[in-house]
Amino acid sequence: MWSETVFISGLEFAYSQSPSDLRGVVMGLCLAMIGLGYYVAGLLASIVKKASDSKWYPDDLNDGTLEDYMFLLAGLMLINAAVFLFLAVRYRYVDHAHQNTPETENHDDRERSRNRGEPDS
């Protein structure tokens, strides 16, 4: 349930921070990275299983030391959280709603011409 919350909020953040012309590309890249993450998780499980001779990630969960695998995942998540915190502190929010669009540029031009006393075209 936690992953769905992060998944939805991550997509919303990526959508809100991307330029309007690139939103489809950004959404595609975001979903591709999520899929790649699932693939890496499966690959990591296979690597750990082979490297530990099925001791860390056994076929029968009552045998072996699955907690070592969980500690490895916790350590990787801690590194991930540190990188996220480092990047999040330095991030500057972009508000695309207040950027100039063709409609607001024309409106701004008309306002400037009115202030100078020029007739509207």
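The values are calculated or read from the model by the stated rules, or taken from the named source; none is laboratory data. Everything numeric in this text was worked out from a predicted model, so none of it was measured. Ideal geometry is used to build each Cβ from the backbone, glycine not excepted, and the neighbour counts take in all protein chains shown.
Observations on the structure shown:
- Contact map, the stretch 35-54: residues that are touching a residue at least 24 places away in the same chain (Cβ under 8 Å) and closer than 15 Å to Leu76 by Cα paired with residues that are among the charged types (D, E, K, R) and surrounded by 10 or more Cβ atoms within 10 Å (Cβ to Cβ), Cβ distance under 9 Å, separation 6+ or inter-chain. Pairs shown: Val48/Asp68.
- Residue in the stretch 42-57 that is hydroxyl-bearing (Ser, Thr, Tyr), modelled with pLDDT of 80 or more, under 13 Å from the mean Cα position of the chain (by Cα) and in a loop (DSSP other than H, G, I, E, B) present: no
- Given (1) at pLDDT below 90; (2) exposed (fewer than 10 other Cβ atoms within 10 Å of the Cβ); (3) within 30 Å of Asp95 (Cα to Cα), index of the condition Asp21 fails: (1)
- Among the candidates Leu61, Leu78, residue that is at pLDDT 60 or above, assigned to a helix (DSSP H, G or I) and either exposed (fewer than 11 other Cβ atoms within 10 Å of the Cβ) or not hydrophobic (A, V, I, L, M, F, W, C) (or both): Leu78
- Within the stretch 47-58, the residues that satisfy the criterion of being at negative phi and surrounded by 11 or more Cβ atoms within 10 Å (Cβ to Cβ) are Ile47, Val48, Lys49, Ala51, Ser52, Lys55, Trp56, Tyr57, Pro58.
- Residue that is loosely packed, with under 11 Cβ neighbours inside 10 Å and without any contact (Cβ under 8 Å) to a residue 12 or more places away in the chain, where the choices are Leu66, Leu85: Leu85
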